[in-house]
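The values are calculated or read from the model by the stated rules, or taken from the named source; none is laboratory data. Being a predicted model, the structure only gives us computed values, none of them experimental. Heads up, the Cβs are rebuilt from the backbone with ideal geometry, glycines too, and the neighbour counts pull from every protein chain shown. Note: accessible area is taken over every heavy atom of the protein model, side chains too, but ligands, DNA and RNA are not part of it. Shrake-Rupley method; radii C 1.70, N 1.55, O 1.52, S 1.80 Å.
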Amino acid sequence: MESTYDPAAVESRWYDRWESAGAFRPEVNPDGAPFCIVIPPPNVTGSLHMGHALDLSIQDVIIRRKRMQGLAALWVPGTDHAGIATQNVVERELAAEGLSRHDIGREAFVEQVWMWKERSGGRISEQMRTLGFSVDWTRERFTLDEGLSRAVRQVFVTLYDEGLIYRSNRIINWCPHCRTALSDIEVEHEETLGELVTIRYPFADGEGAIEVATTRAETMLGDTAVAVHPGDERYADAIGREVILPLMERRIPVVADAEVDPEFGTGAVKVTPAHDPLDFDIGQRSGLEAIKVIGEDGLITPAGGQFAGMDRFGARTAVKEALAASGALVSVAEHTHSVGHCSRSNDVVEPMLSLQWFVKVEPLVGPAIDTFRNGETRFVPKSWENSYFHWMENLRDWCISRQLWWGHRIPAWYCDACQEVIVAKDEPTACTACGAANLRADEDVLDTWFSSALWPFSTLGWPDETEDLKRFYPNSVLVTGYDIIYFWVARMLKMGLHFMGESPYPDVVIHGLVRTADGRKMSKSLNNAVDPLDLAHTYGADALRLTLLQAAAPGHEVPAPQDEWLDAARRFGNKLWNAVRFAATHVDDVPRAGGYPTDPAPEAAWILQRLHEVTQQVDELLDEYRFSDAFSTLYAFAWSEVFDWFIELSKAPLRDPDRSAEAAAVVGVVIRDVLKLFHPAIPFVTEELWSQLVGDGLLATAPWPDPPAYDLPRSMETFQELIVAARRFRAEHGLGPNAELTMVVVDAGDTVEDWWPEQAMELARLSMTFGEAPGEGHTRLVSGKVEGFVALGGAIDVDSERQRLAAAVATAVDARDHAAAKLGNESFRDRAPAEVVEKEQGKLSAAEQLIDSLRAQLEELG
RNA sequence: GGGCGUUUAGCUCAGUCUGGCUAGAGCGCUUCCCUUACAAGGAAGAAGUCGCAGGUUCGAGUCCUGCAACGCCCACCA
């Protein structure tokens, strides 16, 4: 073995071996209970970002541990066709050649996207392999593959037949850039400083006027009424009269509607039913015409009169100027309000009347809430329930049709002869109503999230009754960032409960988003994103994974990996490497599992007991999805107990022919279990080291450790003896911790001559400086047998020793006073639990003793 | 306009649910040590009025109330 660990060389050689051994298939544990995670499918044409690296590292820890625990662990990989995102990418490519998708036509365009998908779609899976994620590639799925498309059509048709999918003319969010409708959550609201324009609408009978305010002046071209609150006395006379719409010179009525807030602005609102949801509702109630003045292209329609053909923002200015010129403009004031932007193109979204397909969500919401209330499903951390409930209870129907070409075609056909709408899984040959043969297929595709919502069961083969579906639905846990709870998690729950009758998973683990050092979201557009593959290249995939896992505390945002942390994680790999290198020179034949000694030497019993405790702790923490705590605990145990302590303690026994076999066995077993415990987090280096130390099969499929507990009387007794002896020794010689004091423990019968001078170096190696007490300073147990001490040398720095003692006295006095004050408090004595009072008394007397001894030492120093 | 989160050492964060040894970790910093798995290492050490103000309690970083700063989410503020 090399003396330093080279991640690049090691990491490149394991993934293929795992895969070809079938290690990631649930079939490796044929008798195990099923355990299943489906991957949140990344965009097929994208590449892995830091958020994926975190999300997938967490899932890999879960799935690898379950696999080692003997469960039939399945992690289903796959990708999402990502409708708008992917279509935009290919359209940009076309644009570079001066073409639009309309130039080449739908069929050719879709073919081009497929080609693009074939070209670049492998990138994600390549990156996942590089980072070591143990998914079952034989079960890989794509949201647009044949099986999932069948699932989508089945769901659509069923929901349509149940009346939960309908087609309707309503106000939707329209992105003029993408030229498609969007759902509510694809709109991002941004606080924007705009203008509040107040306009005077004169009454048609010539007496007076009514003033209305708007932030979108151009929409006034489509006004078909002015509305006021029915109880608003200021406008009681106005209701039922007509006003003249400036510029358009149209007579429009003043109507009453309870939704109008009399407190806002003038209390009168212009009504544009075709371009505002509230206005649309008012229009419905008052039977108003809806005039569409902004088109799908973002330009003013012919209905906009003289402004027709103008861009919507240009029209806003032009309308204001025209209003000013005609004297109808009352005022223009600065006004901050939130403006919707398309989450894909960032273009300003236009509310617009449009004929679209919707999912009626109300009947689906109840079960998706109850599943949490009755404990069938839970969020980890639980605090997400509140916002989830609040959000679910205020849902509006989900607009699912998109005017795109890349996606699942909506399975609807229209008969122009009799206006029949036919929704079916397979294309009908003739109208089911009138028998006409010429049916027109719906041009639109479905929202990408429609197919994602089916992912937990569609990937397992639904609607077919496959073995996988029976075995792995419900899944076991879902891991995702909070940013797609509404997009994805809520919809999976609704669909899973509706179609499978069971929650898709009992646990929903929500982690934070990866933040940059200054706490901002990482994003390509802000140009502050760090490519995880770059970091994996520099520090190793293991280092990246460990760093992310140590940062992932539940309920918190995840700070982006910083160079120092990554470096620390890489150094840990090196430390492990060297520990195994040491062990491998002393140990042969480490068993795959078991091999725990029944009557270990004291230092062995100590580390084995710690191994037992730490394994239990780590198991508990991982069961609670507390990855940061689990791996921090493990890291501290491995480094400061196993490497710094235990390996040092083992050196003497390993050299002693009588004890070396036993010591070697323990070293082998302990380090083997450390490798096992770390394997889910850092699979590459541990697998490599497993091959060096154990060499029996793959670590990836080795059994999870379950080390037994040990009693520690013998070693603890010895440990105490050692400390007592050290103290006595120092007291006798008037030495404090600042003394450069070196001591060793020698076996019974040994004499100084036996050890000195030939063994001087060895003694120095084994010797340690003793602190004042356990926990203060460091004390090492060098041998199970403590018989005496040998001083090899020593000196005291009187000044610093005096300073130290003085500070120690002050601290001890504080402690004593603190304890005394507590004990002097009557209610403390009366009401605190007895053991607490006892402890306090113990503290008091310990402090007093300590003060005495410290003062004595001070005096000795003079 | 609602809701949520955060505020603890120079930096990044645990600890708060379930109140109890004089508050912890990593990194950084100071001193010492290149000795046999590892200098990409080892040993020792300094460093915190736990955001502010009240309250409950024998006892508060932890529970309650208010405030402040920062961040996030939701919302048909015309």
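Worth a mention:
- Across the alpha-carbon set of the stretch A:554-696, the Rg to Rh ratio works out to 0.99, Rh being the Kirkwood radius.
- Legend: residue pairs A:K66/A:K676; A:K66/A:K494; A:K382/A:K470; A:K360/A:K494; A:K575/A:K651; A:K425/A:K494, Cα-Cα distance threshold 19 Å; pairs beyond threshold, A:K66/A:K494; A:K382/A:K470; A:K425/A:K494.
- Cα extents for the stretch A:1-139 along the principal axes, largest to smallest and rounded to whole angstrom: 57, 41, 26.
- Kirkwood hydrodynamic radius of the stretch A:134-187, from inverse mean 1/r over distinct Cα pairs, in Å: 14.4 Å
- Cβ-defined net charge surrounding A:G194, 13 Å radius [Lys, Arg +1; Asp, Glu -1]: -2
- Three-way shape label, the stretch A:130-278, alpha-carbon gyration tensor, a/c 1.5: prolate
- Stretching the chain fully between A:D205 and A:H102 yields a gain of 32.0 nm (0.36 nm per residue, less the alpha carbon separation).
- Given a 1.4 Å probe and the protein chains as shown, A:H52 ends up with an accessible area of around 40 Å².
- Label-point separation in nm, A:D237 to A:S12, each point 7 Å along Cα→Cβ: 8.9 nm
- Local electrostatic count, A:S338, Cβ distance below 11 Å [Lys/Arg +1, Asp/Glu -1]: -3
- Three principal axis extents describe the C-alpha atoms of the stretch A:390-482; from largest down they are 50, 37, 26 Å.
- For A:L478, the residues whose modelled amide H falls within less than 5 Å of its own, excluding neighbours fewer than 5 places apart on the same chain, are A:D507, A:V508, A:V509.
- Using only Cα coordinates, the Kirkwood hydrodynamic radius of the stretch A:547-609 works out to 15.2 Å.
- With distances taken between every two different alpha-carbon atoms, the stretch A:207-339 has a Kirkwood hydrodynamic radius of 15.1 Å.
- Residues whose amide H falls under 5 Å from that of A:H341, counting only those 5 or more places apart or on a different chain, are A:E188, A:H189, A:E190, A:V349, with hydrogens built in the peptide plane.
- Toward the positive end of the charge dipole of the stretch A:551-710, with +1 on the Cβ of Lys and Arg and -1 on the Cβ of Asp and Glu, the farthest Cα among A:P559, A:V670, A:F631 is that of A:V670.
- Accessible surface of A:K382 - all protein chains present, 1.4 Å probe, nearest 10 Å²: 140 Å²
- Rounded if a/c under 1.5, otherwise prolate or oblate - the stretch A:359-428, Cα gyration tensor axes: prolate
- The share of accessible area on the stretch A:364-511 that comes from carbon and sulfur is 48 percent, using a 1.4 angstrom probe.
- GluC sites (Glu not before Pro) within the stretch A:227-314, DSSP loop, no more than 16 other Cβ atoms inside 10 Å: A:E249, A:E259, A:E263, A:E289
- Simple spin-label estimate for A:C434 and A:Q419 in nanometres, 7 Å along Cα-Cβ: 1.0 nm
- Percent of Cα pairs exceeding the 12 Å cut-off, where the set is the stretch A:452-503: 62 percent
- A simple charge model with +1 on the Cβ of Lys and Arg, -1 on the Cβ of Asp and Glu and nothing else charged puts the dipole of the stretch A:394-514 at about 240 debye relative to its Cα centre.
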